1. Through the Karplus equation 6.51 cos²θ - 1.76 cosθ + 1.60, θ set to phi - 60°, convert the phi angles of the range 73-87 into ³J(HN,Hα) values in whole Hz; use x for Gly and Pro.
2. At 222 nm, what value in deg cm²/dmol follows for the chain if DSSP H runs of at least 4 each add -39500 (n - 2.57) and the sum is divided by all its residues, to the nearest 500?
3. What Rg and what Dmax come out for the range 73-161 when only alpha-carbon atoms are used, in angstroms?
4. Rank these for me by crowding, Leu100, Leu30, going from fewest to most other beta carbons within 10 Å.
5. Would you mind getting me the FRET efficiency between Glu130 and Gln158? Use the beta-carbon distance for r and R0 = 25 Å, nearest 0.05.
6. How much of the DSSP beta bridge set in the chain is antiparallel, as a percent to the nearest 5?
7. Would you please classify the overall shape of the range 7-161 from the alpha carbon gyration tensor, given that a ≥ b ≥ c denote the square roots of the eigenvalues, rounded means a/c under 1.5, and beyond that prolate means a/b larger than b/c while oblate covers the rest?
8. Can you list the residues, at least 5 places off or on another chain, whose amide H is less than 5 Å from the amide H of Val11, using H built in the peptide plane?
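Read-outs throughout are calculated quantities, based only on the coordinates presented, and are distinct from any laboratory measurement. Since the structure is predicted, the reported quantities are computational estimates derived from the model, not experimental observations. As a convention, Cβ positions derive from the backbone with ideal geometry for all residues, glycine included, and neighbour counts pool all protein chains shown.
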Amino acid sequence: MPDPRTVTIAVDGRTRTGLAEPRLLLSDFLRHELGLTGVHVGCEQGGCGACTVKLDGRPALSCLTLAVQADGARIDTVEGLARDGELHPIQRAFQEQHGLQCGFCTPGMLLAAQMLLEETPDPSAAEIREHLSGNVCRCTGYTGIVAAVREAARLLRQETS
Ligand code: FES
Ligand code: FES
């Protein structure tokens, strides 16, 4: 068995260290080594988007990234969205607009939506659908998700005005 090496990542604002064999996926490292089970894993083939995280501010599929590739990086997961027991506006919007049912796709959806809204504060429905096209939801039919992202955009613009 290859020697595990130490991987250090700034996850959700905290420096975390764990051991990873060179072939260990980032998704497995986050879930099993660091206990961040809010990161969901669906297809493990890059097709569903459930495992989406922010890697140095950019979207990354953690099932297609090796843990060792993230050594020294900053990673944001769904677990860092809420602050001091308060849901993030994007989480509130998903809750209010029925943007989730089983919740399996939701961690990836929330992160993908957050990255869209950072670049496009007032996206159209078409832009939202296009941006989230790599995130598969088997429950909602997407209508609630699009409504939730539009509501989240409104809440975030309100916060910054
Ligand atoms: S679990 Fe990573 S894209 Fe499906
Ligand atoms: S809410 Fe069930 S997969 Fe999206």
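1. 8, 9, 10, 10, 10, 4, 5, x, 6, 6, 10, 6, x, 9, 4
2. Helix contribution divided over all residues of the chain: -9000 deg cm²/dmol.
3. Cα radius of gyration and Dmax of the range 73-161 are 12.1, 36 Å respectively.
4. Ordered by Cβ neighbours within 10 Å, fewest first: Leu100, Leu30.
5. Working: r = 24 Å, r/R0 = 0.97.
E(calc), rounded to 0.05, equals 0.55.
6. On the way: 15 of 17 bridges.
Percentage antiparallel, nearest 5: 90.
7. On the way: a/c = 2.00, a/b = 1.57, b/c = 1.28.
Prolate.
8. Arg16, Ile75
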